[in-house]
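To keep things clear, I will list the structure first and then write my remarks on it.
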Amino acid sequence: QVQLVESGGGLVQPGGSLRLSCEASRSIPSIYAMNWYRQAPGKERELVATIRNVGSTTYADSVRGRFTIYRDNAKNTLYLQMNSLKPEDTAVYYCNVHLGNNYWGQGTQVTVSS
């Protein structure tokens, strides 16, 4: 079992940047992929970014080139660097890992608005 705690959300103007963090309660071996999802009001939760073994990453088309997912295994922490933010990036962002069971954090709100 593992607990995930996100942080780093907030209010930012269009074009701004935020870095989200997801700290795990224990070490998660690199062989397990970790993900960032987001859910905007009235919309389904969508996959934003994934990091797999040996650092392989994939992104949703809507964020590719603007967002970067990475992990620091020494700190048991997953990150999402978000640049050039747009109003349509407004959502609650969740980190996720599947370790037999599916684990989710509580989410962190990101609001992009002028």
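If you take the alpha carbon atoms of segment 1-90 and fit the smallest convex hull around them, that volume is 103 Å³ per residue. For segment 43-114, the Kirkwood hydrodynamic radius comes to 13.4 Å, computed from all pairs of different C-alpha atoms.
With both labels modelled 7 Å from their Cα along Cα-to-Cβ, the VAL54 to GLN39 distance reads 3.5 nm.
Accessible area per residue for segment 39-114, computed on protein heavy atoms with a 1.4 Å probe, is 53 Å².
Take every DSSP beta bridge whose two residues both sit in the chain; close to 90 percent of them are antiparallel. Each Cα pair under 8 Å and six or more residues apart adds its sequence gap; the mean of these over the residue count of the chain is a relative contact order of 37 percent. Stretching GLU46 away from LYS75 to a fully extended chain increases their span by 7.8 nm, per 0.36 nm per residue minus the current alpha-carbon distance. Relative protection proxy for 32-38, 60-66, 14-20, from highest mean packing down: 32-38, 14-20, 60-66 (other beta-carbon atoms within 10 angstrom).
Mean projected area of the convex hull spanned by the Cα atoms of segment 57-99, taken over all viewing directions: 3.8 nm².
The values are calculated or read from the model by the stated rules, or taken from the named source; none is laboratory data. Treat the numbers as computed from the prediction; the structure is a model and nothing was measured. Reconstructed Cβ throughout: ideal geometry from the backbone, glycine too, with neighbour counts over all protein chains shown. These accessible areas exclude ligands, DNA and RNA; they are computed on the full protein's heavy atoms, side chains included. Shrake-Rupley method; radii C 1.70, N 1.55, O 1.52, S 1.80 Å.
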